[in-house]
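Reviewing the structure listed below.
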């Protein structure tokens, strides 16, 4: 079921994802034939408005990063639509996709892995302009200086290499590269999870400031609901390749409806030594997307499981806070 997650129906979405699927073939046997599929993303739909942040939350292995890479067309999706300003990116070839790469950029989880260690910071930030044939050498170098200043780094950083910087500084370089071409949408793939807690808030505040200045839209991927709460307008909860609940950020925190969402929220630490936490600890690990459980995919770990959950897959409701759970659909 496709659910449109909009808080203002009069505003045209920048991005519309419709029933998106990414199934990776699994080779088996001595002849390496495709016998099964890893259903990393299995029918996801959502919208993102101009200047809005949608937080995408879930445990490791639920398909969040794969979804982000499909939208950026680093992967060719198996099925579904990725409508960017009305154009279906899922149907575009490599050459036709090139102009849209200026409008959709990514910030990766590990800045050291995503930055070329053999290039200086100046060369890394200049590369997008070279690829898209923008400006001459003097203009490009001036633009590199401006980008470094935007993310809080001195101009002399351009002559240094990524390994000479701390993790937080390297992520600032990654952010500078992402905003270089003045994109409209940035996919933030767990951009602060590899950083110290003291640095995380600085990077989040930088992203918020840049969003206000350039009217950026974010798909903010994370496994930490506390981090997502700080930056997101709306939140979508993902489990085993599907969205199980979504809605306004504050509404999700106040009145979470899905047992999985409730468990994630209960795990958020409270800075009060006298607070008694009512943790809802989940049993077991996320099932394999190659052999997902029948019925509701969450029923093997759900503390509120019913008989119907084991055989019938729930569908997303169509209200303001869509949820995929028999507790709210039966």
Tell me, yes or no, whether the stretch 113-127 has at least one residue that is assigned to a loop (DSSP other than H, G, I, E, B), at pLDDT below 95 and under 23 Å from the mean Cα position of the chain (by Cα). yes
Of residues in the stretch 207-218 being touching a helix residue (DSSP H, G or I) at 6+ places or on another chain (Cβ under 7 Å) and crowded, with 20+ Cβ neighbours inside 10 Å, the one nearest to residue 89 (Cα to Cα): 218
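Would you say residue 153 is surrounded by 15 or more Cβ atoms within 10 Å (Cβ to Cβ) and part of a loop (DSSP other than H, G, I, E, B)?
On the way: surrounded by 15 or more Cβ atoms within 10 Å (Cβ to Cβ): yes; part of a loop (DSSP other than H, G, I, E, B): yes.
Yes, satisfied.
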Say whether the condition of being in contact with a helix residue (DSSP H, G or I) (Cβ under 6 Å, 6 or more places away or on another chain), over 18 Å from residue 256 (Cα atoms), modelled with pLDDT of 90 or more and surrounded by fewer than 18 Cβ atoms within 10 Å (Cβ to Cβ) is met by at least one residue in the stretch 308-330. yes
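Which members of the stretch 191-206 meet the condition of being more than 14 Å from residue 229 (Cα to Cα) and surrounded by 13 or more Cβ atoms within 10 Å (Cβ to Cβ)?
Within the stretch 191-206, the subset more than 14 Å from residue 229 (Cα to Cα) is 191, 193-199, 202-203, 206.
Within the stretch 191-206, 191, 193, 194, 195, 199, 202, 203, 206 qualify.
Answer yes if at least one residue in the stretch 35-43 is more than 28 Å from residue 325 (Cα to Cα), surrounded by 15 or more Cβ atoms within 10 Å (Cβ to Cβ) and in contact with a helix residue (DSSP H, G or I) (Cβ under 8 Å, 6 or more places away or on another chain), and no otherwise. It would help to see each step written out before you state the result.
Narrowing the stretch 35-43 to residues more than 28 Å from residue 325 (Cα to Cα): 35.
Adding the requirement that they be surrounded by 15 or more Cβ atoms within 10 Å (Cβ to Cβ) leaves none.
No - not one qualifying residue is present in the stretch 35-43.
Residue-by-condition table, conditions (1) in a helix (DSSP H, G or I); (2) in contact with a helix residue (DSSP H, G or I) (Cβ under 8 Å, 6 or more places away or on another chain); (3) touching a residue at least 12 places away in the same chain (Cβ under 8 Å):
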{"position": "46", "(1), (2), (3)": "no, no, yes"}
{"position": "61", "(1), (2), (3)": "no, no, yes"}
{"position": "67", "(1), (2), (3)": "yes, no, yes"}
{"position": "133", "(1), (2), (3)": "no, no, no"}
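The values are calculated or read from the model by the stated rules, or taken from the named source; none is laboratory data. All values reported here derive from a predicted model rather than from experimental measurement. When we count neighbours, we look across all protein chains shown, and the Cβ atoms used for this are built from the backbone with ideal geometry, even at glycine.
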